[in-house]
Amino acid sequence: MRRSILLKVAVFCPHFQRRVEATRNEAIDRLVACSDSESCRDPTPTDAPPEHERPFPRGCPVFPSLAK
């Protein structure tokens with residue numbers, strides 16, 4: 001089994017209006033992590049089921065499927 005190469009890249013974050021460091025998985029050609037994700041993630045509402053949670057702001061380049 002071959003391991004994927006992870007690259008550190010700089011991307012523009014529309015939430016912070018600045019560059020952030022992200023990790024790109026070369027094998028699947030996708031961003032997979034962000035250095036500031038804990039700072040921008042919305043807290044989970046206590047009454048919301050976790051499968052409907054959209055914790056990241058709209059336009060997030062790293063987690064677009066989890067964006068509001």
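Length gained on full extension, V32 to L6, computed as 0.36 nm times the residue gap minus the Cα-Cα distance: 8.5 nm.
Add +1 for every Lys or Arg and -1 for every Asp or Glu among the other residues with Cβ under 14 Å from the Cβ of N25, and state the total. All intermediate terms of the calculation are to be shown ahead of the outcome.
On the way: positive: R2, R3, K8, R24, R30; negative: E26, D29.
Within the 14 Å Cβ shell, the charges total +3.
The listed residues R18, R58, R24 rank as R58, R18, R24 when sorted by accessible area, largest first, using a 1.4 Å probe.
The values are calculated or read from the model by the stated rules, or taken from the named source; none is laboratory data. Since we're looking at a predicted model, the values are computed, not measured. With ideal geometry, Cβ positions are generated from the backbone for all residues, glycine too; neighbour counts draw on all protein chains shown. Heavy atoms of the whole protein, side chains included, go into the accessibility calculation; ligands, DNA and RNA do not. Shrake-Rupley method; radii C 1.70, N 1.55, O 1.52, S 1.80 Å.
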